[in-house]
Amino acid sequence: MVGCAVIRIRLLFLACLLALVGTVYPAGAEQLVAAISGQVAADDPHEARTGADFQYYDHIFDTLVTRDGFDVTPRLARSWSSQDHKVWSFQIDPAARFSDNRPVTSRDVVYSLCRYQALTRHMGREMLGLTRLTAETGGRVTITLEAPYRLLPSALSLVFIVAAPDGAGEGPLGCDAARVQDTRGSPQQGSGPYIPVPATAGILREQRVLAPSPHCWRDCTVWTRVVLWSAPDARDRLRLLVTGQADIMEDVIPVHLPYITRMKGVTLTELPTDRTLVLTFNLRPTLPDGRPNPAADIRVRQAIALTLDRHVLVERGLEGFAGPAWQLAQPGMEGYLPDRPQTMQPDPARGRALLAEAGFANGLDLPLLLPMTRITDRPRVADALAGMLRAIGITLTITPVPAAESRARVAAGDFQMMFAGLGLTAGSAMEGYAAVAGAAEKDSISNPSGYRNALLDNLLSQARGAEPAAIPGLTRQATAILDTDLPMIPLMHIRDLVAHRAGLSLHARDTARAFGRIASPAVADAGGTTITGP
């Protein structure tokens, strides 16, 4: 009854809002305002972790390459090559300029990669395996890795290039790690089409404001001002759109679709996505307060897996606007297993028997964390999951938490179950497994379980240098290990729907959603599927 009352209140809110507004009016011809679902949590571009972090910093900084679907295309680097996937060469575009009009040099690239590795190592992660970086004359950068890594260019699409300061230090990686730590969180110079506007009395706490770079060299903007307005609640994003305070509303939720399609002057555009919602577990044997951790028992995780109905989760949680996930990869991605079962009959009787074997014949209370991020803030999916698990005697306590708090709780091991989100940036199943279950991301927000398996790590290491023909076999072996150990369960592949003024065009080729780069007042849409309301 409480749930029904909440739904009626939400419907009444939407009906009243539409009755009062009816037509969406432009937020301003010279500025672009995007109501975004995430909150920028990282205060340094080389510590970006969430979708909102990358969304914000991608306006200010360039990367060596950018994505076009699951391929990579030039950005700062106009070409790259490798004979063995271990030593790589990148040629910097001589036209590239920082916002102060300094040219982007090979020294800047070397410093940025060194800085990135130093800060990620400080966070307990090892992503790229850099052993030597060389800035050569003529704008060439040579990168030497510990081991072959075929998808290095894709990985570098997430590393922002900043201007190297005087006295950055030397060494095989081109910087002094101790000096880098001293610069953490300090302003960095970028070569992107925007510069950040300092917070003033006229800027809300929820807003990040950007102005055009005075020396833009590519993706130059028609907007004199871009505002990223953080509104995690979809009702707030909708209010900003229909009242004309925002031009774009990202992450439209299914319950709003019937109303948005009736609005005059609003277009719905589906953008490219590689995102998967995952249910992950804390595998540490004890919790911070000393109590035994039920989720560490494989029989508890097996019972949950046997009770899930992904199709029902999609229908009830997102009204069908997602795809059930039986593996991390989607069709067209490297390592997608087409013969993997696409359905499973839930077996709650077997689930109850497993819980009884684990000592929970009388039921079990489990908390479920919902980090307030773009992918994981899915309360209706959590409610649907809770309904399923009640059938085997598990009672879920659902707790939404800010993204920063979720990271702190993961570091402390202070959770039992959690929604986690994953974007397969390189379009590779094995890269996804490395993120959610590999040693490099252990105890991070993408692999919060604390899971470690030497056999899996060996397969992941092989996959980094393997040719494409070997990937399906390696993926099958890795999938079998994860099916057995169950550190996480893929739930659904998220679709990416954006509502915006009909006069805007969104030409996205990647998933960063840097709206200041991809939005224009043009009529033709160069990317995405557009659905226009009547």
- prompt: Please state the Cα pair-distance histogram of region 151-248 with 10 angstrom bins from zero: what percent is in each bin?
  reply: 12, 29, 33, 20, 6, 1
query: Within the chain, what is the longest stretch that has no trypsin sites (Lys or Arg not before Pro) placed in a DSSP loop and near at most 14 other beta-carbon atoms within 10 Å?
result: 263-534
- line: At 4 °C and 1.567 mPa s, the Stokes-Einstein diffusion coefficient in µm²/s for region 344-410, with hydrodynamic radius from the Kirkwood sum on alpha carbon pairs, is 98
- prompt: Ala404 versus Thr261, label points 7 Å from Cα toward the beta carbon: distance in nm?
  reply: 4.0
task: Work out the P(r) tail for region 336-468: percent of alpha carbon pairs separated by more than 26 Å, whole number.
output: 38
- prompt: Based on Cα positions only, what radius of gyration and what Dmax would you give for the chain, in angstroms?
  reply: 23.4, 71
- prompt: So how much slack lies between Ala199 and Ser186, counting 0.36 nm per residue of separation and subtracting their Cα-Cα distance, in nm?
  reply: 3.2 nm
field: Inter-part distance where region 300-344 and region 131-188 are each reduced to a Cα centre, Å
entry: 39
Length gained when the stretch Arg476-Asp383 is fully extended (0.36 nm per residue, less Cα-Cα span): 30.3 nm
field: Enclosed volume per residue, in Å³, of the convex hull spanned by Cα atoms of region 378-417
entry: 62
- request: With runs of 4+ DSSP H residues as the only contributors, calculate the mean residue ellipticity of the chain at 222 nm using -39,500 (n - 2.57) per run, divided by the residue total and rounded to the nearest 500.
  value: -9000 deg cm²/dmol
field: Distance in nm between pseudo-label sites at Arg132 and Arg78 (7 Å out along the Cβ direction from Cα)
entry: 2.8
- prompt: With all protein chains present, how much of the accessible area of region 206-319 (probe radius 1.4 Å) comes from carbon and sulfur, to the nearest whole percent?
  reply: 51
- prompt: Which FRET efficiency value, to the nearest 0.05, do you get for Arg140 and Asp289 by plugging their Cβ-Cβ distance into 1/(1 + (r/R0)^6) with R0 = 45 Å?
  reply: 0.25
task: Run a plain Debye calculation on region 247-396 (Cα atoms as equal point scatterers, no solvent) and give log10 I(q)/I(0) at q = 0.10, 0.11, 0.15 Å⁻¹, rounded to two decimals, same order as the q list.
output: -0.46, -0.54, -0.92
query: Using a simple spin-label model with points 7 Å from Cα along the Cα→Cβ vector, what separation in nm is obtained for Asp339 and Arg235?
result: 5.0
task: Could you work out how far the C-alpha centroid of region 379-404 sits from that of region 463-492, in angstrom?
output: 27
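The values are calculated or read from the model by the stated rules, or taken from the named source; none is laboratory data. Worth saying up front: this structure is predicted, and the values here are computed from it rather than measured. Backbone-built Cβ (ideal geometry, glycine too); neighbour counts: all protein chains shown. All accessible areas refer to the heavy atoms of the entire protein, side chains included, with ligands and DNA or RNA removed. Shrake-Rupley method; radii C 1.70, N 1.55, O 1.52, S 1.80 Å.
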